[in-house]
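Visitor: Attaching a single structure in structure tokens format; questions to follow.
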Amino acid sequence: MRVLSIAINLPGPAAVARLASWGATVTTVLPPTGDPLEHFAKAYFDELHEGQTIELADLKSDEGRARLDELLAETDIFFTSSRPSALARLGLDHASVSGRHTHVCQVDIVGHPGDGAEIAGHDLTYQAGTGLVRDGRMPTTTVVDLAGAERAAAEAAAALVERARTDRGSRREVALSDLAHAMARPVVHGLTVPGGLLGGGLPVYDVYAASEGHVALAALEPHFTERLLTALELDPDKLSRDRLAEVFATRTALEWQAWADEHDIPLAAVAAPA
């Protein structure tokens, strides 16, 4: 499969990298100024574009659009991440592309679905709008962008299946705000809120301070809980967060991880930020 992408920032490149890992041949066309991600995190940009052909083209020029059209003639999957109005001005909306290249499957990554696709936004605003930003703190990672990338890769695969049946390409829309909604469902249903089942409410599913560092304990299933208590020689009737905190404070996080690996208990030392 041949993939052509004009999608910049993170969701598009991450989706294309996924398809490349499945064996697709990828060409990424960037504006003359490049991709902002390349300036923000060069090593990450290189990682996501490994093995791809990268070209620079001004799609606002006749020459740039002509070059892109040459590439589209040999393309199976076309990724974009611009607003619909911008694509229409460039003649790269699906109606225009499919009129010239009926075989192309187009995946448009947008912020909001349908008529809301013109609304500006980024990962931070999508997370904030669905309750994933807590206590005024910045998110740990761009979970919506990366979830959107996985959804975009899946939609591309689904479009190829559809094309095999109909012999025509189709358009798939991936709205990042929809992904934020999906990623927030554990919060909405109370699983990961503070004190929720997966938010510190269970002593066996929590983060504890070790004598050096922290450990993340996830002995959620009964057999893991039983194995944990047996290995630590703890009375199940006296299981509490305070008791586990006392125990984990006696060794370093790395020592506890080695111990957990030996006893087949889901526990990991909390890694320091890269």
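Visitor: Please give the per residue volume of the convex hull enclosing the alpha carbon atoms of segment 83-153, rounded to a whole number of Å³.
Guide: Spelled out: Cα convex hull of segment 83-153, divided by residues, is 96 Å³.
Visitor: Sticking with this structure for a sec: Work out how far the C-alpha atoms of segment 221-274 reach from end to end along every principal axis, then list the three figures in whole Å, largest first.
Guide: 39, 22, 16
Visitor: Provide the per-residue ³J(HN,Hα) series for segment 208-214, in order, calculated from phi with Karplus coefficients 6.51, -1.76, 1.60 and θ = phi - 60°, each as a whole number of Hz, with x at glycine and proline positions.
Guide: 10, 7, 9, 5, 8, x, 10
Visitor: With axes computed from alpha carbons, what is the tilt in degrees of helix 62-72 against the longest principal axis of the chain, rounded to the nearest 10 within 0 to 90?
Guide: Between the helix axis and the principal axis of the chain, the angle is about 60 degrees.
Visitor: Expressed as a whole percentage, what fraction of the accessible surface of segment 71-186 belongs to carbon and sulfur atoms when a 1.4 Å probe is rolled over the protein heavy atoms?
Guide: 53 percent
Visitor: Taking the chain as a Gaussian network, where each spring joins two C-alpha atoms under 10 Å apart, which residue of H181, H263, H122 fluctuates the most?
Guide: Sorting by GNM fluctuation, first place goes to H263.
Visitor: Magnitude of the Cβ-charge dipole of segment 215-274, K/R +1 and D/E -1, about the Cα centre, nearest 20 debye?
Guide: Details: 5 positive and 11 negative charges, 44 e Å.
With Lys and Arg at +1 and Asp and Glu at -1, about 220 debye.
Visitor: Select from L239, L90, L19 the residue whose mean-square fluctuation is largest in a Gaussian network model of the chain (Cα-Cα springs shorter than 10 Å).
Guide: Highest fluctuation of the listed residues: L239.
Visitor: Quick one: Cα centre-to-centre distance for segment 131-204 and segment 26-65, in angstrom?
Guide: When both Cα centres are located, 26 Å separates them.
Visitor: For V110, which sequence-distant residues (separation of 5 or more, or a different chain) have an amide H within less than 5 Å of its own amide H, given hydrogens modelled in the peptide plane?
Guide: Under 5 Å from the amide H of V110: V174, A175, L176.
Visitor: Which one, V270, A149, F248, is farthest towards the positive end of the dipole of segment 116-274 when Lys and Arg carry +1 and Asp and Glu -1 on their Cβ?
Guide: A149
Visitor: A further question follows. Most mobile of D145, D108, D46 per a Gaussian network model of the chain (Cα springs, under 10 Å)?
Guide: Comparing D145, D108, D46 in a Gaussian network model of the chain, the most mobile one is D46.
Visitor: Taking only DSSP H segments of four or more residues, each worth -39500 (n - 2.57), what value at 222 nm results for the chain once the sum is divided by all its residues, to the nearest 500 deg cm²/dmol?
Guide: Theoretical 222 nm ellipticity from helices: -12500 deg cm²/dmol.
Visitor: Across all directions of projection, what mean area in square nanometres is found for the Cα convex hull of segment 188-238?
Guide: Working: hull surface 17.3 nm².
Computing the convex hull of the Cα atoms and averaging its projections yields 4.3 nm².
Visitor: Let me ask something else. Roughly how many nanometres apart are two label points built 7 Å out from the Cα toward the Cβ at D135 and D261?
Guide: Between D135 and D261, the label points sit 3.2 nm apart.
Visitor: Show me 163-176, 130-143 ranked by packing, highest mean number of other Cβ atoms within 10 Å first.
Guide: Taking the mean over residues of other Cβ atoms within 10 Å, the ranking is 163-176, 130-143.
Visitor: Further, regarding this structure: Using only the Cα atoms of the chain, what are the Rg and Dmax in Å?
Guide: 23.7, 75
Visitor: Any idea what the dipole of the chain comes to, in debye rounded to 20, about its Cα centre with Lys/Arg Cβ at +1 and Asp/Glu Cβ at -1?
Guide: 720 debye
Visitor: From the backbone phi of segment 256-268, what are the Karplus-calculated ³J(HN,Hα) couplings (6.51 cos²θ - 1.76 cosθ + 1.60, θ = phi - 60°) in whole Hz, Gly and Pro given as x?
Guide: 5, 5, 4, 4, 5, 4, 5, 9, 6, 10, x, 8, 9
Visitor: Given charges of +1 on the Cβ of Lys and Arg and -1 on the Cβ of Asp and Glu, with all other atoms neutral, how large is the dipole of segment 122-274 about its Cα centre, in debye to the nearest 20?
Guide: Numbers: 14 positive and 22 negative charges, 155 e Å.
Around 740 debye, computed over segment 122-274.
Visitor: While we're on this one: Can you report the principal axis dimensions of segment 161-274 using only the alpha carbons, biggest first, rounded to whole angstrom?
Guide: Answer, in whole Å and largest first: 64, 31, 28 Å.
The values are calculated or read from the model by the stated rules, or taken from the named source; none is laboratory data. Predicted, not measured: the structure shown is a model, and the values here were computed from it. Glycine gets a Cβ as well: all are built from the backbone with ideal geometry, and neighbour counts include every protein chain shown. Quick note on the areas: whole protein, heavy atoms, side chains included, nothing else; ligands and nucleic acids left out. Shrake-Rupley method; radii C 1.70, N 1.55, O 1.52, S 1.80 Å.
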